[in-house]
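Colleague: Would you mind keeping the following structure in view while I ask a few things?
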Amino acid sequence: MELLSYRDKVCVVTGAASGIGKAVCQQLVELGAKVYGLDRNEAAIEGLAGFIATDLSSKESIDAAFAQLPQAIDCFFGVAGLSGAKTGYWVTFTVNFIANKYITETYLEPRMAPGSSIAYVTSCGGLMWEKWSREYKKIMDCKTWEEMVAFMKKVSPRDGVGVMAYTLSKRAMNYYTALKAVDYAAKGIRVNALLPGSTDTGMKQEFEKMAGGQEKLLKENGAIGRLATPEEMAAPLLFLNSDMACFVSGLMLIADMGHNGEKVLGRSKNQLDVPAALGIYNTRFFQNMLKKHTS
């Protein structure tokens with residue numbers, strides 16, 4: 001679709017090897033974009049302009065990746081993320097938040113011209129971010145990777161509960177989206193976020209455990225009774241970074257088939273209105289209780 005205007009644009013996609021990231025890459029290639037995929041695993045996608053093996057939990061790996069990328073970037077898709085079900089607190093928070101903030105301020109801002117755009121994949125699990133901003137707001141003032149790591153270590157030990165890092169990091173990303181949309185408006189750079197409902201990706205089983213079972217996970221997409229496909233999440237992401245959304249910035253686009261609406265209308269219980277950084281989450285008792293719930 002020429003309306004999307006991706007032809008010959010330089011697009012960088014994290015999490016390119018699977019799920020939503022892979023679907024985004026495939027659709028961008030079809031639209032004629034010059035697509036560079038970043039992932040720890042090989043992205044077997046025909047037509048990529050380049051693939052760079054990248055560990056987003058490592059500053060050095062990110063630096064090495066961007067040393068190989070073009071000096072001018074038109075669109076960035078920050079898709080990569082961890083659920084925290086199989087990873088510790090530090091790695092989960094680093095990949096989900098620290099890497100995105102570092103990439104944005106170190107590499108995207110100087111390489112993006114007016115008319116460029118950024119779209120992050122955050123999560124509906126990061127809703128209520130406005131209410132609980134006191135838990136993460138200080139990290140927004142951190143200028144370096146090292147300062148952000150120091151903040152994270154104050155919040156939780158290395159073996160802290162990874163799924164709580166997921167919630168905190170996604171709330172922080174929603175806040176960060178709003179912050180950068182305001183900061184970059186004068187530069188003509190748009191910043192938006194997609195908040196997906198439950199999606200059928202490689203992390204489906206992890207999210208099923210976190211939700212308390214398959215049936216409960218399905219209900220997180222409202223009354224439709226099924227998971228979204230990666231392609232159904234890639235489409236709104238493509239819209240957010242396209243010329244069709246040229247005056248859209250700071251948008252948290254919820255794609256959950258109306259489930260958040262059910263909560264707002266009181267037709268579904270809102271289980272997200274809880275703190276994510278309580279010290280009790282780091283106790284062995286709480287961790288054992290969580291393991292029982294997710295096993």
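The values are calculated or read from the model by the stated rules, or taken from the named source; none is laboratory data. Only a predicted model underlies this, so the values are computations on that prediction, with no experimental measurement involved. Positions of Cβ are generated from backbone atoms using ideal geometry, with glycine treated the same way; all protein chains shown enter the neighbour counts. Quick note on the areas: whole protein, heavy atoms, side chains included, nothing else; ligands and nucleic acids left out. Shrake-Rupley method; radii C 1.70, N 1.55, O 1.52, S 1.80 Å.
Colleague: Using a 1.4 angstrom probe and counting only protein chains, how large is the accessible area of Asp273 in Å², to 10?
Modeller: Using a 1.4 Å probe on the heavy atoms, I get roughly 60 Å².
Colleague: Another question, if that's okay. Using only the alpha carbon atoms of segment 125-196, find the Kirkwood hydrodynamic radius as the inverse mean reciprocal pair distance, in angstroms to one decimal.
Modeller: Taking the inverse mean of 1/r over all distinct Cα pairs, segment 125-196 comes out at 13.2 Å.
Colleague: I would also like to ask the following. Below 12 angstrom from the Cβ of Met112, what's the summed charge of the other residues (Lys, Arg +1; Asp, Glu -1)?
Modeller: Neighbour charge sum, excluding Met112 itself: +2.
Colleague: Something else now. Share of segment 53-102's accessible area from carbon and sulfur, percent, 1.4 Å?
Modeller: 54
Colleague: Name the most mobile residue of Met173, Met152, Met233, meaning the one with the largest mean-square fluctuation, in a Gaussian network model of the chain with Cα contacts below 10 Å.
Modeller: Met152
Colleague: So for segment 41-143, what are the equivalent ellipsoid semi-axes in whole Å, largest first, each being the square root of 5 times an eigenvalue of the Cα gyration tensor?
Modeller: The equivalent ellipsoid of segment 41-143 has semi-axes of 24, 18, 14 Å.
Colleague: Let me see the pair-distance distribution of the chain: every alpha carbon pair, 10 Å bin width, integer percents in order.
Modeller: Values per bin, smallest distances first: 6, 29, 38, 22, 5, 0.
Colleague: Note down the nm distance, to one decimal, between modelled labels 7 Å out along Cα→Cβ at Glu105 and at Ala235.
Modeller: 3.7
Colleague: Which cross-chain or sequence-distant (5 or more) residues have an amide H under 5 Å from the amide H of Tyr120, H modelled 1.01 Å from N in plane?
Modeller: Gly78, Asn192, Ala193, Leu194
Colleague: From the residues Val79, Gln68, Trp129, which one has its Cα farthest along the dipole of segment 61-170 in the positive direction, the dipole being from +1 and -1 charges on Cβ of Lys/Arg and Asp/Glu about the Cα centre?
Modeller: Trp129
Colleague: Assign one of three labels to segment 109-159, namely rounded, prolate or oblate, based on the Cα gyration tensor with a ≥ b ≥ c the square roots of its eigenvalues; rounded applies when a/c is under 1.5, prolate when it is not and a/b is larger than b/c, and oblate otherwise.
Modeller: In terms of gyration-tensor shape, oblate.
Colleague: Rounded if a/c is under 1.5, else prolate if a/b is larger than b/c, else oblate: which is segment 39-87, with a ≥ b ≥ c the root eigenvalues of its Cα gyration tensor?
Modeller: prolate
Colleague: Hey, which of these cross-link pairs are over 22 Å Cα-Cα: Lys59/Lys143; Lys154/Lys187; Lys170/Lys269; Lys101/Lys138; Lys22/Lys269; Lys101/Lys153?
Modeller: Long pairs (Cα-Cα over 22 Å): Lys154/Lys187; Lys22/Lys269.
Colleague: Mean separation of Cα pairs under 8 Å and 6+ residues apart, divided by the residue count of the chain: what relative contact order is that in percent?
Modeller: 20
Colleague: Considering only protein heavy atoms and a 1.4 Å probe, what is the carbon-and-sulfur percentage of the accessible area of segment 136-183?
Modeller: The nonpolar share, carbon plus sulfur, comes to 55 percent.
Colleague: How much accessible area per residue does the chain have, in Å², with a 1.4 Å probe?
Modeller: Accessible surface, normalised per residue, equals 46 Å².
Colleague: Counting other Cβ atoms within 10 Å of each Cβ, which trypsin sites (Lys or Arg not before Pro) in segment 235-285 have at most 15 and sit in a DSSP loop?
Modeller: Of the trypsin sites (Lys or Arg not before Pro), the ones in loops of segment 235-285 whose Cβ has at most 15 other Cβ atoms within 10 Å are Arg267, Lys269.
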